[in-house]
Amino acid sequence: MQIRVLLRAVLVCAAPGLGWGQSFTLGGHVIDGLTNRPLTGIRVHVYECAANDPDPLGSHGPAAAPVTSDSEGHFVFTHLSAGRYALQAELPREIYT
């Protein structure tokens, strides 16, 4: 049986007002792409995607410590700077980016 994972994430300003010098929160939820049900206990990693960087994803280390999805599949990364990020879901036998 093949399991598909769908990561849905939204970038939200964590501080009042809109300013580029502030920190941001990146949150979303992990769901099974076949059943649309939330996936609990999935480790989610976040990596910064630097502009024009030839190095592969993750070669500079993670942008934040990994988090684990809760009972409803939700996850949150806090204190991120403005930028482009790639998310990675870690399942017991597979990794999805």
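The values are calculated or read from the model by the stated rules, or taken from the named source; none is laboratory data. In this text the structure is predicted, and so the values were computed from the model without any measurement. In this analysis, Cβ positions are derived from the backbone assuming ideal geometry, glycine residues included, and neighbour counts consider all displayed protein chains. Side chains are part of the model used for accessible areas, which takes the heavy atoms of the whole protein and leaves out ligands, DNA and RNA. Shrake-Rupley method; radii C 1.70, N 1.55, O 1.52, S 1.80 Å.
Structure notes:
- Strands (runs of 3 or more DSSP E) contained in the chain and holding at least 3 residues at pLDDT below 90: 5-13, 24-32, 85-90
- Segment 76-97 residues that are under 21 Å from residue 33 (Cβ atoms) and open to solvent by 60 Å² or more (accessible area, probe 1.4 Å), paired with ones that are outside any strand (DSSP E or B) and modelled with pLDDT of 80 or more (beta carbon under 8 Å, 6 or more apart): 90/42; 90/66
- Residues in segment 37-54 that are open to solvent by less than 70 Å² (accessible area, probe 1.4 Å) and charged (D, E, K, R): 53 only.
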